[in-house]
1. Rounded to the nearest 0.05, what FRET efficiency do Arg49 and Ala96 give with R0 = 22 Å and r taken as the Cβ-Cβ distance? Could you check?
2. Tell me the net charge near Lys356. Cut-off is 15 Å between Cβ atoms, Lys356 excluded, with +1 for each Lys or Arg and -1 for each Asp or Glu.
3. Please compute the length gained on full extension between Glu240 and Gln299, using 0.36 nm multiplied by the number of residues separating them and subtracting their Cα-Cα distance.
4. At a 1.4 Å probe, what is the % contribution of carbon and sulfur to the accessible area of the chain?
5. Would you please state which residues of region 109-125 a label at Ala158 would reach in this model, taking the label point 7 Å out along Cα→Cβ and a backbone N cut-off of under 12 Å?
6. Kirkwood-based Rg over Rh for region 117-173 (C-alpha set), two decimals?
7. Using square roots of five times the C-alpha gyration tensor eigenvalues, list the equivalent-ellipsoid semi-axes of region 219-335 in whole Å, biggest first.
8. Lys161: which lysines have alpha carbons under 27 Å from its alpha carbon, excluding same-chain residues fewer than 8 sequence positions away?
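The values are calculated or read from the model by the stated rules, or taken from the named source; none is laboratory data. The shown structure was predicted, so the numbers you read here are calculated from the model rather than taken from an experiment. Glycine gets a Cβ as well: all are built from the backbone with ideal geometry, and neighbour counts include every protein chain shown. With ligands, DNA and RNA removed, areas are computed over all heavy atoms of the protein, side chains included. Shrake-Rupley method; radii C 1.70, N 1.55, O 1.52, S 1.80 Å.
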Amino acid sequence: MPSDEARRASSLQAADAFGVYVHWPFCLSKCPYCDFNSHVRHAGIDEGRFVRAFSAEIAAMAARVPGRTVATVFLGGGTPSLMQPATVGAILEAIARGWTVAQDVEITLEANPTSVEAERFRGYRTAGVNRVSLGVQALDDAALAQLGRLHTAAEALAAVKLARTVFERYSFDLIYARPNQTPQAWARELARAIDEAAEHLSLYQLTIEPDTPFSTLRAAGKLVIPDDDTARTLYDVTQEICSTRGLPAYEVSNHARRGAQCRHNLIYWRGHEYAGIGPGAHARLDIDGRRYALATERQPEAWLERVETLGHGLVTDEALTREERADEFLLMGLRLAEGIDPERYASIAGRTLDQKRIDFLIEEGMVEIMRNGHLCVTPSGFPVLDAVVADLAA
Ligand SMILES: C[S@@+](CC[C@H](N)C(=O)[O-])C[C@H]1O[C@@H](n2cnc3c(N)ncnc32)[C@H](O)[C@@H]1O
Ligand code: SF4
């Protein structure tokens, strides 16, 4: 008999692994670095109306791809921890009406670590959530204030502590390469974070996104982020500390103990199938032997009206060409330490990868072939991943 872990791993490798992403598009305030599809609504939100729309969209998508078994659900945002637990419960019930839900389903909810949101944790657990991902971002109050966060480090750590007692699994996010951050200070902060982490950490290098307040401040010379050399040192420090402490990177920004990866995100990176529900959600569905890319209306009120009129919020619904699908497979798969199976690439693309390019990148130390035949990016290749992918896909 295979162990539970082996069974789970094989069900995730299986071509039919299927996940459901649900987007909650609201936040209490907008963080100055963030360009996610999140909106502030001081007038309050009619959660009942959203539940009806989510349920309708789930039913419509289940009609497009019936008979799937849901291996993972991810409630992301925005700030899903602003939802009432009953709202989360109703969404999960709608998913269970549309598809079969696997017995060992992973159900993750993204939560902001304020005390108000932590009060809802037990309600989420009762509703069926078994994993939380907390946006801690920093363990330093001055840095949290600069990031525009509504919580202190102590409050975030209290939410982590509570998450540990309520949920089977939890992870938290930190942002590094922040203004004025030195490698020494980050090493101390990361070590402290790992003391509090259980099995999983997401560590994102600060990106200055266009049209955000941070991008305006930076253009005006009022926000200075670490230069490329310092950012590289910060990245190297991150890899070294996490590996030494048993949390190696399994993806560019994600670290986990063995067998504790986020199974939902693995579905994206391994190029499997997923539904996307709610404003601005994306989906990849296999219909009649073709891979479809779907996306919904981003603006929450326009999405509601669209669903109420049409029964779904889709604004994009198109079959990908083999070339597009193969590029996407490379782009996503090479983010993973486990790399990609070149044979699977060939079956998607209808042609093999260019051996001369692979040989060149191997010589440059950017990629390697693993014992199982997978092609993967090396530690030297990860900081220039986009260039490596562009080279292979050309
Ligand atoms: C979609 S956000 C939602 C999480 C949740 N609302 C929160 O803020 O705690 C997911 C994560 O993306 C990361 N993130 C968002 N914008 C970023 C940026 N510009 N640079 C680096 N990381 C970013 C943050 O760590 C955040 O926790
Ligand atoms: S980082 Fe999180 S809380 Fe801040 S605006 Fe983005 S989604 Fe909202």
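1. Details: r = 21 Å, r/R0 = 0.96.
Efficiency computed from Cβ-Cβ geometry: 0.55.
2. -3
3. Values: separation 59, 0.36 × 59 = 21.24 nm, distance 4.10 nm.
Gain in length upon complete extension: 17.1 nm.
4. With neighbouring chains kept in place, the figure for the chain is 52 percent.
5. Counting backbone N atoms under 12 Å from the label point, the list is 114-119.
6. On the way: Rg = 11.8 Å, Rh = 11.7 Å.
Result for region 117-173 is an Rg/Rh of 1.01.
7. After diagonalising the Cα gyration tensor, the semi-axes are 34, 22, 15 Å.
8. List returned: Lys30.
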